[in-house]
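The values are calculated or read from the model by the stated rules, or taken from the named source; none is laboratory data. Every value quoted in this text rests on a predicted model; they were computed, and no experiment measured them. Here the Cβ positions follow ideal geometry from the backbone for every residue, glycine too, while neighbour counts run over all protein chains shown.
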Amino acid sequence: MAITFVDIIDYLGTFAFAMSGVRLASAKQFDLFGAFIVGLVTAVGGGTVRDLMLNRSPFWMTQWVYLAITGLALLLFALFRNQINRIANTIFLFDTIGLGLFTVVGIQRTLDAGFPLWTACSMGMLTGAAGGVLRDILINEVPLIFRRDIYALACFAGGVFYAWGYTQGLPVEACAIGCAMVVIIIRLLAVLFHWQLPILHDS
């Protein structure tokens, strides 16, 4: 089966999210198996939730490549952890890249399944954000999506760009690249300039 443009984005996103999960598991002193599980859940969690909601078999259960990519991320981190750890904000960078790429994948996979554009944009946001939520739950952290950080909203903005490009007749590649860049740029700017959502107070 030929590898498509969306497949390439999917594989890159899988590696980025798997690496962020492995890196965070390392910071929590998980063993190798635990780190692999955290990396795998981070990488395939969002897509699994998406596929279940679309009444489809989770993609990774029929394609071994996602397990292999997660294993590669774990191997590379084990071999080069000192160099990776010296890079400031490693977790944030991998998580941000994965967020943008998986938003694209979620949108395109949903469109390919025959669902309308608004559903695709919703599934894009879910695919991008859900893996990080599951990761944070596994390592006993409050998920980013529930904090003041601009996280899922960045996916939403990327989805809006994709929808605009799609309705304007832009090539799929242009919609995909633009969507991912919008997500990544908004996430980077939000952290750089401390953009945050208001807190809901109980009184």
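The table for this structure:
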| read-out | value |
| --- | --- |
| R86 being surrounded by 11 or more Cβ atoms within 10 Å (Cβ to Cβ) and either within 17 Å of the chain's Cα centre (by Cα) or at pLDDT below 95 (or both) | no |
| Qualifying residue in the stretch 156-178 (condition: at pLDDT below 85 and of a type in the set (D, E)) | no |
| Output for the stretch 37-65, where each listed residue is free of Cβ contacts under 8 Å to residues at least 60 places away in the same chain, surrounded by 21 or more Cβ atoms within 10 Å (Cβ to Cβ) and more than 27 Å from W118 (Cβ to Cβ) | G39, L40 |
| Qualifying residue in the stretch 7-19 (condition: of a type in the set (D, E, K, R) and at pLDDT 90 or above) | yes |
| Number of the exception - V142 against (1) assigned to a helix (DSSP H, G or I); (2) modelled with pLDDT under 95 | (1) |
| All positions within the stretch 54-66 that are within 17 Å of the chain's Cα centre (by Cα) and closer than 18 Å to L111 by Cβ | F59 |
| Some residue of the stretch 140-147 being of a type outside the set (D, E, K, R) and on the phi > 0 side of the Ramachandran plot | yes |
| Residue check for R50: of a type in the set (K, R), in a helix (DSSP H, G or I), out of contact with any Pro (no Cβ under 6 Å at 6 or more places or on another chain) and more than 18 Å from V172 (Cβ to Cβ) | yes |
| Selected residue (only one of L79, L126 is of a type in the set (A, V, I, L, M, F, W, C), without any contact (Cβ under 8 Å) to a residue 12 or more places away in the chain and either crowded, with 21+ Cβ neighbours inside 10 Å or farther than 18 Å from F5 by Cα (or both)) | L79 |
